[in-house]
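**Student:** Before I ask anything, let me first share the structure, which is written out below as structure tokens.
The values are calculated or read from the model by the stated rules, or taken from the named source; none is laboratory data. All values reported here derive from a predicted model rather than from experimental measurement. Virtual Cβ from ideal backbone geometry, glycine too; neighbours counted across all protein chains shown. Quick note on the areas: whole protein, heavy atoms, side chains included, nothing else; ligands and nucleic acids left out. Shrake-Rupley method; radii C 1.70, N 1.55, O 1.52, S 1.80 Å.
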Amino acid sequence: GRLAVGGNSQVEERSLFVEDFLRDAVSIGEEKAANPFESALRAIAIGVSGIAVEPQVWLELDGMRLRPDLLDRRRRLILEAESFEWHGKRLALTRDCVRYNAFGLAGYVVLRFSWEQVMLEPAYVEAC
């Protein structure tokens with residue numbers, strides 16, 4: 001269904017875009033993806049020229065086995081889909097800090113995106 005209320009054409013247009021975007025994200029989803037949100041981030045990344053991301057690739061870094069949401073091996077780029085559901089507690093924050101520090105110290109660039117950015121501002125995500 002549409003999110004539009006009261007005939008606002010801009011809202012209707014955005015609603016149709018979100019519906020199409022989510023349909024595309026679901027169609028490219030993989031078994032490796034942790035969740036549909038991550039698949040939506042991957043759908044955006046696939047549309048960016050020169051980016052080739054893989055979901056949930058295991059990396060051995062500084063004696064730790066870590067798995068970023070999306071990895072572009074050639075660019076040493078990691079994309080993370082962040083939500084309060086998985087990252088909203090103190091222990092999760094500490095775990096994320098350890099992960100992101102390990103990625104950075106190993107020479108990876110980590111870009112983190114919120115649910116709102118991926119679902120409602122895909123142009124921002126693509127521009128990053």
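**Student:** Report, by residue number, each residue of region 75-109 that is under 17 Å from Ala40 (Cβ atoms) and part of a loop (DSSP other than H, G, I, E, B). Reasoning before the result, please.
**Tutor:** Our first condition is that a residue be under 17 Å from Ala40 (Cβ atoms); within region 75-109, this holds for 78-87.
Passing the criteria: only Ser83.
**Student:** What pairs come out if I take residues in region 107-128 that are open to solvent by 80 Å² or more (accessible area, probe 1.4 Å) and pair them with residues that are among the charged types (D, E, K, R) and at pLDDT below 95 whose C-beta lies under 6 Å away, six or more apart or interchain?
**Tutor:** Arg112/Glu82
**Student:** When you look at Asp72, is it surrounded by 14 or more Cβ atoms within 10 Å (Cβ to Cβ) and at pLDDT 95 or above, yes or no?
**Tutor:** Values: surrounded by 14 or more Cβ atoms within 10 Å (Cβ to Cβ): yes; at pLDDT 95 or above: yes.
Criteria met by Asp72.
**Student:** Name the residues in region 95-106 that are surrounded by fewer than 16 Cβ atoms within 10 Å (Cβ to Cβ), under 25 Å from Val48 (Cα atoms) and without any contact (Cβ under 8 Å) to a residue 24 or more places away in the chain, would you?
**Tutor:** Gly104
**Student:** Inside region 55-74, can you point out the residues that are closer than 13 Å to Gly104 by Cα and in a loop (DSSP other than H, G, I, E, B)?
**Tutor:** Correct list: Asp62, Pro68.
**Student:** Might you check whether a residue that is at pLDDT below 95, under 22 Å from Ala127 (Cβ atoms) and among the β-branched types (Val, Ile, Thr) occurs anywhere in region 39-48?
**Tutor:** So far as region 39-48 goes, yes, one or more of its residues are at pLDDT below 95, under 22 Å from Ala127 (Cβ atoms) and among the β-branched types (Val, Ile, Thr).
**Student:** Are any of the residues in region 40-59 more than 15 Å from Arg112 (Cβ to Cβ) and among the acidic types (Asp, Glu)?
**Tutor:** Yes, region 40-59 contains at least one residue that is more than 15 Å from Arg112 (Cβ to Cβ) and among the acidic types (Asp, Glu).
**Student:** Still on this structure, I have one more. Could you give every pair whose Cβ atoms fall below 9 Å, whose first residue belongs to region 74-94 and is among the aromatic types (Phe, Trp, Tyr), and whose second residue is at pLDDT below 90 and outside any loop (DSSP other than H, G, I, E, B), counting only separations of at least 6 or pairs across chains?
**Tutor:** Trp86/Ala92
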